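Nothing in this text is a laboratory measurement; each read-out follows from the coordinates by a stated rule. Being a predicted model, the structure only gives us computed values, none of them experimental. Here the Cβ is made from the backbone with ideal geometry for all residues, glycine too, and neighbour counts use every protein chain on show.
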Amino acid sequence: MTASDIQAQALQLRERLREWNYRYYVLDDPSVPDAEYDQALRELQELEQANPGLVTPDSPTQRVGATPLQAFDQVEHEVPMLSLDNAFNADELQDFERRLLDRLGADPGTVSYSCEPKLDGIAVSLLYRDGMLTRGATRGDGRTGEDITRNVRTIPSIPLRLRGDGYPAVLEVRGEIYMPRAGFERLNQQARETDSKLFVNPRNAAAGSLRQLDSRITAQRNLEMCCYGVGLVEDGELPMQHSAILDLLHQWGLRINPESRVVEGIQACEDYYQYLAARRDELPYDIDGIVYKVDRIDLQRELGFVARAPRWAIARKFPAQEQTTQLLDVEFQVGRTGAITPVARLQPVFVGGVTVSNATLHNSDEIERLGVQVGDTVIVRRAGDVIPQIVSVVTERRPADARPVVFPTRCPVCGSATERAADEAVIRCMGGLVCAAQQKAAIKHFVSRRAMDVDGLGDKLVEQLVDTGLVTNVASLYHLQRSDLLQLPRMGEKSADNLLAALEESKAATLPRFIFALGIREVGEATALSLARHFGSWEKLATASEEQLLEVDDVGPVVADHLRQFFDSAESLSVVHALREAGVHWSDLEVADAQVLPLEGQTWVVTGKLEHMGRSEAKAFLQQLGAKVAGSVSARTHCVLAGPGAGSKLTHARELGIDVIDEDGFLELLSSHGLAT
Ligand code: 5U1
């Protein structure tokens, strides 16, 4: 290859990678599999290594971070970075508009507002000169920030060079760098595994990641940037509507929030607040409010500023996702697999939009890490649909009578010995099915809707059946008599008959449902389906060797080990035998050809709130059936699964004439493919 061929190839690879990056991080619409991206990046790296003169600062290879700094330089913001006033309720929002209309001499309903989610992250400024990213800085005190250029360069949603043309020669873009919840959970999971300090919330994690003197660490953290405005602009014109500026930033390759919209009048702002408040938990990142900005820039200029906040913008805050409260006690619950989980009983507190009186403390390591004592003032966090957590202890407020949390040495339910496996953080009751707590949990799981689906057999009734000794394991459910049930308090004849009929009906199972219902450790629905498809029959599954189990998608050494333990246990096999004797049955499956999954080659989008499953569960099912799941709708989307509250994605799908399916239709589809519904 000649030098110019090599240069052309490098150019082509860079363009391709930039385009793919833009599709992935800015449009949320991946266009190639990760492996293809990685392959092209590797090719470019090799090419640049062999020809160092070819490396350009905006090359996609230049995002991996650089050698550590001693300290950050200071940066003066030529245009100060302002803060925002807050409104904590609808009245305060109305006051904001009243003040603004008075100043403008305008009538209610005549001013348009750009409404944008307020991300809970770190405000930053990006400076582009002739389209090239030349500086990234924190907000600092609004006038002086820190130079974090090396760190922002590692964030994939920040373009190193703007796309297209028409941008001002000097363009300072402002926005928020944040860590999506999934990245935060992953980071803390890694920290747990390495016994490192946990981050309290995604905002702290983003701040900590961004303030690393070693940008190679920043590069490993899952940070994103969402832009919401501009600062310094020289040698170029921008439109006179804020919303049009955001659209342009998007065209130039910057990420803006897809939830943003323009509405007329303050009532519509309030409606948007209510709409997003209902969807807050579904968003993949934390938001702490909505920012409203007068859309017309001429009106913004007319309104000006007061102190360090603009008169033309306000943040309407959501209920806080963290609150302090008191730890009243710690109780210990025993789960299906014997895991003993400490549960914090709290002085009830309103947090993240609900009243929380319990929080998980995970395990004894977590208690030790937090250093929490009964009586302490603690900070509780509830964000998204995550279970409330205690994230830290306010040790300064520890009362004199605080007492340490003592982990029980015997099972609090059955008194059996407890054990901690060498490689686990969990302490387990060794009582197995002798332990009433484990019996109850196993039965609740077995009869649940996604397992054997025994209608009318709720948690309370399971507890009564076990407490009265009528049921000791899942097989004994099928030996219940009408007269047994009628002994139970508040059990009428009709309910007893209905329950017996539901038990009878549940005997007609499917192999995947049955495998799932057994509650084998680490075997969820998706794994149960893979096992059923792979082996086709119970007999083949139960006699499979560890090596054969490892051939199944989804099954790694840990799952294979749990499966073999189950099949090697005479007790487990005798329960399965008793279930079959009682009439539980299913049809064997055609052994699946791994190449022909029913939704192979299709791309789906999941949006809105689903009632019967989480969206991640729906995604797992879709992937199980061979579909790819994308974050946004495009012409290449085959189908959108839409629940209530679906917004712009659903509208876009309808505009493009893409098939839309509701949750009922989806459940039918799952059941037609042998997935539990
Ligand atoms: N979405 C958004 N967040 N946020 C924060 N817009 C926005 N605007 C801000 C701030 C501090 O300030 C400008 C209104 C000056």
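Details
- Summing Lys and Arg as +1 and Asp and Glu as -1 over all other residues whose Cβ lies under 11 Å from the Cβ of P512 gives a net charge of +2.
- Cβ screening of the chain for cysteine pairs under 4.7 Å finds these without a partner: C115, C226, C227, C269, C639.
- Size-normalised alpha-carbon gyration radius of the range 1-129, reference 2.2 N^0.38 Å: 1.70
- Karplus-derived 3J(HN,Hα) values for the range 614-619, using 6.51 cos²θ - 1.76 cosθ + 1.60 with θ = phi - 60°, are x, 5, 5, 5, 4, 5 Hz; glycine and proline are entered as x.
- Cut-off under 5 Å, modelled amide H: who pairs with N358 long-range: L346
- Converting phi to 3J(HN,Hα) with the Karplus coefficients 6.51, -1.76 and 1.60 and the offset θ = phi - 60°, the range 259-273 yields 7, 5, 7, 9, 10, 9, x, 6, 5, 5, 5, 5, 4, 5, 4 Hz in sequence order, with x at every glycine or proline.
- Shape category assigned to the range 39-97 from the gyration tensor of Cα positions, a/c cut at 1.5: prolate
- Peptides ranked, highest mean first, by Cβ atoms within 10 Å: ranges 615-622, 75-82: 615-622, 75-82
- Computed from backbone phi with θ = phi - 60° and the Karplus coefficients 6.51, -1.76 and 1.60, the 3J(HN,Hα) list for the range 75-90 is 10, 8, 7, 5, 10, x, 8, 7, 9, 10, 6, 10, 10, 9, 7, 5 Hz; x is used for glycine and proline.
- Electrostatic tally near V462: other residues with Cβ closer than 10 Å to its Cβ, Lys and Arg +1, Asp and Glu -1, net 0.
- The GluC sites (Glu not before Pro) of the range 193-254 meeting both criteria, a DSSP state outside H, G, I, E and B (loop) and at most 11 other C-beta atoms within 10 angstrom of the site's C-beta, are E237.
- The angle separating the long axis of helix 3-21 from the principal Cα axis of greatest extent in the chain is about 60 degrees.
- In whole angstrom, the range 167-241 maps to an equivalent ellipsoid with semi-axes of 34, 13, 8, each derived as √(5λ) from the alpha carbon gyration tensor and ordered largest first.
- Distant-in-sequence amide H partners of V262 (H built 1.01 Å from N, under 5 Å): C115
- If you bin all the Cα-Cα distances of the range 96-165 at 5 Å, starting from zero, the percentages per bin are 3, 13, 16, 13, 12, 12, 9, 13, 7, 1.
- Computed on the chain, with alpha-carbon pairs under 8 angstrom and 6+ residues apart, the relative contact order is 10 percent.
- Kirkwood-based Rg to Rh ratio, the range 305-461, C-alpha trace: 1.11
- For the range 504-624, convex hull volume per residue from C-alpha positions, Å³: 121 Å³
- In terms of the mean number of neighbouring beta-carbon atoms within 10 Å, the peptides 1-11, 36-46, 449-459 order highest first as 449-459, 36-46, 1-11.
- Rounded FRET efficiency, nearest 0.05, which uses the C-beta distance separating E36 from E493 and R0 of 45 Å: 0.10
- Other-chain or far-sequence residues with amide H under 5 Å of G289's (modelled H): K118, F318
- Per residue, the convex hull around the alpha carbon atoms of the chain comes to 210 Å³.
- Principal-axis tilt of helix 557-568 within the chain, Cα atoms, nearest 10 degrees: 10 degrees
- Helix 570-581 and the long axis of the chain differ in direction by around 80°, with both axes built from C-alpha atoms.
- Here the relative contact order of the range 6-161, from alpha carbon pairs under 8 Å that lie six or more residues apart, stands at 27 percent.
- Inter-part distance where the range 341-378 and the range 445-477 are each reduced to a Cα centre, Å: 30 Å
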